[in-house]
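Taking it in order: structure first as structure tokens, then the write-up.
Please treat every number below as a calculation from the coordinates, not as lab data. Bear in mind the structure is a predicted one, so any value in this text is a computation, not a measurement. Here the Cβ positions follow ideal geometry from the backbone for every residue, glycine too, while neighbour counts run over all protein chains shown.
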Amino acid sequence: MANKGFTLWFTGLSGSGKSTIAERVALKLEKKGVPVEILDGDVVRTHLSKGLGFSHEDRDENIKRVGFVCQLLSRHGVAVIASVISPYRQARDYNREKIKNFVEVYTLCPVEVCEGRDLKGLYQKARAGEIKGFTGVDDPYEPPLKPEVTCKTDVESVEESVNKVIRKLEELGYLPA
């Protein structure tokens, strides 16, 4: 059976568990023989989107660039996992329209819990005014209205969230059950 490419689009606040769950999902997919590529927001910003700031326009442009790469890879049978905050619904919806086999995964987590997990101290810097336009502090995050998967990372274990994503991929026919 040929691989059916798809894009798993992880969205949520900084510290909500996007990268952790994405990496574990990638490992499970690799064990199933599925070609996988992870596009992590921090890595993408240093290479693909270098020079972009954090204005609304620049954030949207960053998300469109990530989406373009997802579209290219997934149409060639790759399971692409994008792990990006992507705070604005309109930019995510743009990618949903452009990318065939788009699966949105919302890592839902209260901002207070995300702050407690913040190893880089970004929330603290944002609250102190050292970082402006930080999503969840002084810039909005627009949650998805109908994500295919919602991982409630403040109450679910990482493994529960990973299994939820894998089950949805099986249910949608992107993986054999």
Being touching a strand residue (DSSP E or B) at 6+ places or on another chain (Cβ under 9 Å) and without any contact (Cβ under 8 Å) to a residue 12 or more places away in the chain is the filter; apply it to the range 12-41 and report the residue that is farthest from residue 113 (Cα to Cα). 30
If residue 7 satisfies all but one of (1) within 18 Å of residue 76 (Cβ to Cβ); (2) under 12 Å from the mean Cα position of the chain (by Cα); (3) surrounded by fewer than 20 Cβ atoms within 10 Å (Cβ to Cβ), what's the number of the condition it fails? (3)
Against the conditions (1) touching a Leu at 6+ places or on another chain (Cβ under 8 Å); (2) within 24 Å of residue 133 (Cβ to Cβ); (3) among the β-branched types (Val, Ile, Thr), where does residue 44 fall short? Just the number, please. (1)
Could you tell me which residue of the range 114-145 is farthest from residue 58 (Cα to Cα), considering only residues that are surrounded by fewer than 16 Cβ atoms within 10 Å (Cβ to Cβ) and of a type in the set (A, V, I, L, M, F, W, C)? 119
Suppose we keep only residues that are polar (S, T, N, Q) and farther than 17 Å from residue 168 by Cα within the range 10-54. Which one would you say is surrounded by the fewest Cβ atoms within 10 Å (Cβ to Cβ)? 46
Just checking, does the range 64-86 include any residue being touching a Gly at 6+ places or on another chain (Cβ under 7 Å), within 27 Å of residue 132 (Cα to Cα) and of a type outside the set (A, V, I, L, M, F, W, C)? yes
So, first residue among the basic types (Lys, Arg) in the range 165-176, second residue surrounded by 12 or more Cβ atoms within 10 Å (Cβ to Cβ), Cβ within less than 8 Å, six or more apart or across chains; the pairs are 168/103; 168/148; 168/149
